[in-house]
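Participant: What follows is a single structure, and I will ask about it in a moment.
The values are calculated or read from the model by the stated rules, or taken from the named source; none is laboratory data. What you see is a predicted model, and the numbers here were worked out from it, not measured in a lab. Cβ sites come from the backbone with ideal geometry, for glycine too, and all protein chains shown count toward neighbours. What goes into the accessible areas is simple: the full protein's heavy atoms, side chains included, and nothing from ligands, DNA or RNA. Shrake-Rupley method; radii C 1.70, N 1.55, O 1.52, S 1.80 Å.
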6 protein chains.
Amino acid sequence: MPYINIKITDENVTREQKEKLIQGATQLMVDVLDKNPQTTFVVIDEVNTDNWGIGYDVVTDLRAKAKK
Amino acid sequence: MPYINIKITDENVTREQKEKLIQGATQLMVDVLDKNPQTTFVVIDEVNTDNWGIGYDVVTDLRAKAKK
Amino acid sequence: MPYINIKITDENVTREQKEKLIQGATQLMVDVLDKNPQTTFVVIDEVNTDNWGIGYDVVTDLRAKAKK
Amino acid sequence: MPYINIKITDENVTREQKEKLIQGATQLMVDVLDKNPQTTFVVIDEVNTDNWGIGYDVVTDLRAKAKK
Amino acid sequence: MPYINIKITDENVTREQKEKLIQGATQLMVDVLDKNPQTTFVVIDEVNTDNWGIGYDVVTDLRAKAKK
Amino acid sequence: MPYINIKITDENVTREQKEKLIQGATQLMVDVLDKNPQTTFVVIDEVNTDNWGIGYDVVTDLRAKAKK
């Protein structure tokens, strides 16, 4: 009965990509740990880039710099 | 000083239901563990059904199938 | 398919108390939100009192002061 | 490679305040634990006041009472 | 810069299985979202079966019943 | 009433360092957001290096390589 929480930035993640994340993470539990997929939860949190920091920087700023 | 995090799907949870979740979870800490309610936090996360998976399936799809 | 995470300090919580927390939190989801208990997860994290702070203080110190 | 998650109520937190939270939390990891800031993540979750409870009360109600 | 948290029961997960979970979850972020693996974190929490509940039951009890 | 969760690897973090993390994170909430420290929680999770991955690698292996 694994619970997998995926936190990613909220940058146009599509419905199809979410499906693939859910399927892939569930399959990983089945393949590696022989878990029952029927009781495997995957929860995806999409986080605004203003609310995520790395290396002292706000991701919003890192994205803007990367575009220049 | 317990911290309780309740993750549920974002499906029209009412203000009154949230109150009951907060009161019930706090009372549980008082009844079972004799905790101080004044320092008991309850945080409810409502998750979009596109972002929650179980048994390889996206909950949005499970809800659509259940309606048919 | 709720997921409830209960974080409490690691202070001699008994097996029986854990059962009551699991049953009570699950029942709350059934009573308030009409959720299916079979897909309701409850996970209890017991945190060392050295690792929990409130009001600038380490809980270990608060417990020691309370005993005096 | 620390991961810091800051949960606060969603009450007009400014972009500038978020920057300061990210910088301050990252600096804390560098100062206290000599961690590499380049692999230090800070994620801020802003929670609706309807979804946060303390002492049996919904924060929305506590804020309304405090204004009176 | 995804952060993936995998919560599983603490039932003799091997070092090799942990490696596979870390590699598989990281690869999923690369394949589906084109994320940079160098800033992809995977954190595995192993939870005692006394501390995990599903369907009102403690997992420890479910395991004991399953063995009979 | 902020809740701050700090996840770090379990590598000989001292009691004194934990105090500094708790004090520093609480002070950050007071300084930046004018929060009440009495209802500010800080919870530190120490994660075994076998259970933390970055860039496909288990941190235990990264530490061993760094020593060579």
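Participant: Give segment C:4-17 a look and list any residue that's farther than 16 Å from B:Gly24 by Cβ, in contact with a Ser or Thr (Cβ under 9 Å, 6 or more places away or on another chain) and not in a loop (DSSP other than H, G, I, E, B), or say none.
Facilitator: C:Thr9, C:Arg15
Participant: Inside segment B:24-53, can you point out the residues that are surrounded by fewer than 18 Cβ atoms within 10 Å (Cβ to Cβ) and part of a helix (DSSP H, G or I)?
Facilitator: B:Gln27, B:Val30, B:Asp31, B:Pro37, B:Gln38, B:Thr49
Participant: For A:Val32, state whether it is more than 20 Å from E:Leu28 (Cβ to Cβ) and free of Cβ contacts under 8 Å to residues at least 12 places away in the same chain.
Facilitator: So A:Val32 does not fit the description; no.
Participant: So which residues in segment A:27-58 are at the interface with chain B (Cβ under 10 Å from one of its Cβ atoms), of a type in the set (Val, Ile, Thr) and more than 13 Å from the chain's Cα centre (by Cα)?
Facilitator: Residues satisfying the conditions are A:Val30, A:Thr39, A:Thr40.
Participant: Scanning for something touching a strand residue (DSSP E or B) at 6+ places or on another chain (Cβ under 8 Å), of a type in the set (Asp, Glu) and within 27 Å of D:Lys7 (Cβ to Cβ), does segment A:14-33 turn up at least one residue?
Facilitator: no
Participant: Could you give me the residue pairs with C-beta distances under 8 Å whose first residue belongs to segment C:47-58 and is among the hydroxyl-bearing types (Ser, Thr, Tyr), whose second residue is part of a strand (DSSP E or B) wherever it lies, and which are 6+ apart or on separate chains?
Facilitator: Close Cβ pairs satisfying both conditions: C:Thr49/C:Thr9; C:Thr49/C:Val58.
Participant: Filter segment A:54-67 down to residues that are open to solvent by 30 Å² or more (accessible area, probe 1.4 Å) and aliphatic (A, V, I, L, M), then give me how many there are.
Facilitator: Residues flagged as open to solvent by 30 Å² or more (accessible area, probe 1.4 Å) and aliphatic (A, V, I, L, M) within segment A:54-67 amount to 3.
Participant: Inside segment A:12-23, can you point out the residues that are surrounded by fewer than 20 Cβ atoms within 10 Å (Cβ to Cβ) and either modelled with pLDDT under 95 or within 12 Å of chain B (Cβ to nearest Cβ) (or both)?
Facilitator: Passing the criteria: A:Val13, A:Thr14, A:Arg15, A:Glu16, A:Gln17, A:Glu19, A:Lys20, A:Gln23.
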